[in-house]
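Data first, discussion second: the structure below is written as structure tokens.
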Amino acid sequence: MSIPDILVLKEEPISPGDLRTLTERFFIDMVKYVVDIEQGIIAVGGELHSDAEAALLDAGSGQVDLWGANYYPGLGPLYCIEYTSLINIRPSQGNRSMVIEDGEVRAQVESLTFRLIGRGEALP
């Protein structure tokens, strides 16, 4: 059974099989995702962060709450998250680069990533 290019995760974490499918669909070793730090949900997948961002905006998320990152399975908890995305450039929120600069926002992204995607475990 085929899964969509983007999955929105609310309470249940993504299955290892679905994570493998989305990882291999576009980039082989990583998957792009966007976190809504206010609602505590994640959109995983898509070719661009803006694809996942659009899915969350369509679901009612607010732009100021959305932050993009990349997840690398198999790299462990210290290296599995790359806090970089074009959607993170927000001078009006004090974020002037593609990297999430605010430590509190990074901590929220990490917490939701570990809860709904994983802690960098290798895929089966």
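The values are calculated or read from the model by the stated rules, or taken from the named source; none is laboratory data. Keep in mind the model is a prediction, meaning the values are calculated, not measured. Glycine also receives a Cβ, built like all others from the backbone with ideal geometry; neighbour counts cover every protein chain displayed. Just the protein is used for accessible areas: all its heavy atoms, side chains included, with ligands, DNA and RNA removed. Shrake-Rupley method; radii C 1.70, N 1.55, O 1.52, S 1.80 Å.
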Report summary line: Checked against the positive end of the charge dipole of the chain (+1 on Cβ of Lys and Arg, -1 on Cβ of Asp and Glu, about the Cα centre), the farthest of Ala122, Val109, Val44 is Ala122
Report summary line: Under the Karplus relation with 6.51, -1.76 and 1.60 and θ = phi - 60°, whole-Hz ³J(HN,Hα) for the stretch 36-52, x at Gly and Pro, equal 9, 6, 7, 8, x, 10, 9, 10, 10, x, x, 7, 10, 4, 5, 5, 5
Report summary line: Counting only residues 5 or more apart in sequence or on a different chain, those whose built amide H sits under 5 Å from that of Leu9 are Ile42, Ala43, Val44
Query raised in the report: Excluding ligands, DNA and RNA, what is the solvent-accessible area per residue of the stretch 6-113 at a probe of 1.4 Å, expressed in Å²?
Result: 49
Query - Alpha-carbon spread of the stretch 35-106, three principal axes, descending order, Å - result: 32, 25, 21
Query raised in the report: Within a Cβ distance under 11 Å of Gly62, other residues only, what is the Lys/Arg minus Asp/Glu net charge?
Result: -3
Query raised in the report: Can you work out ³J(HN,Hα) from phi for every residue in the stretch 63-75, in order, using Karplus 6.51 cos²θ - 1.76 cosθ + 1.60 and θ = phi - 60°, giving whole Hz and x for Gly and Pro?
Result: 3, 5, 9, 9, 9, x, 7, 10, 10, 10, x, x, 9
Requested in this report: Note down the net charge around Leu22, summing +1 for each Lys or Arg and -1 for each Asp or Glu among other residues with Cβ under 10 Å from its Cβ.
Outcome: 0
Query raised in the report: Hey, any idea what % of the stretch 82-124's accessible area is carbon plus sulfur with a 1.4 Å probe?
Result: 53
Query raised in the report: Rg and Dmax of the chain, using alpha carbons, in Å: what are they?
Result: 13.2, 43
Report task. Could you run the Karplus curve 6.51 cos²θ - 1.76 cosθ + 1.60 with θ = phi - 60° over the stretch 19-26 and give me ³J(HN,Hα) per residue in whole Hz, x for Gly and Pro? Result -> 5, 4, 4, 5, 5, 7, 4, 10
Report task. Select from Pro13, Pro91, Pro77 the residue whose mean-square fluctuation is largest in a Gaussian network model of the chain (Cα-Cα springs shorter than 10 Å). Result -> Pro91
Query raised in the report: Mean separation of Cα pairs under 8 Å and 6+ residues apart, divided by the residue count of the chain: what relative contact order is that in percent?
Result: 26
Query - Sequence-distant residues sharing a close amide H with Val99 (under 5 Å, placed H) - result: Ser85
